């Protein structure tokens, strides 16, 4: 398991999925990353920093956004 810092680039409130840019990766954005349901929709503001946990480091789709912060 690995926790990485990212920047929120987009949020689909209906599906509760995010598009994130992992810190240090200038050109790669991950789309369709699940978001923990305890994070209110109003907090999912583009440009905010977020924490993403990856359960399998070799599979970037196997992760979840667990926190957002300023």
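Here are a few things to note about the model shown:
- Unmet criterion (only one of (1) free of Cβ contacts under 8 Å to residues at least 12 places away in the same chain; (2) touching a helix residue (DSSP H, G or I) at 6+ places or on another chain (Cβ under 7 Å)) for residue 27: (2)
- 1 or more residues exposed (fewer than 13 other Cβ atoms within 10 Å of the Cβ): qualifying strands (runs of 3 or more DSSP E) within the chain: 2-12, 30-34, 63-69
A short reminder: the numbers here are calculations on the coordinates, not readings from a lab. Since this is a predicted model, take the numbers as computed values, not measurements. Cβ coordinates were reconstructed from backbone atoms using ideal geometry, including for glycine residues, and neighbour counts include every protein chain displayed.
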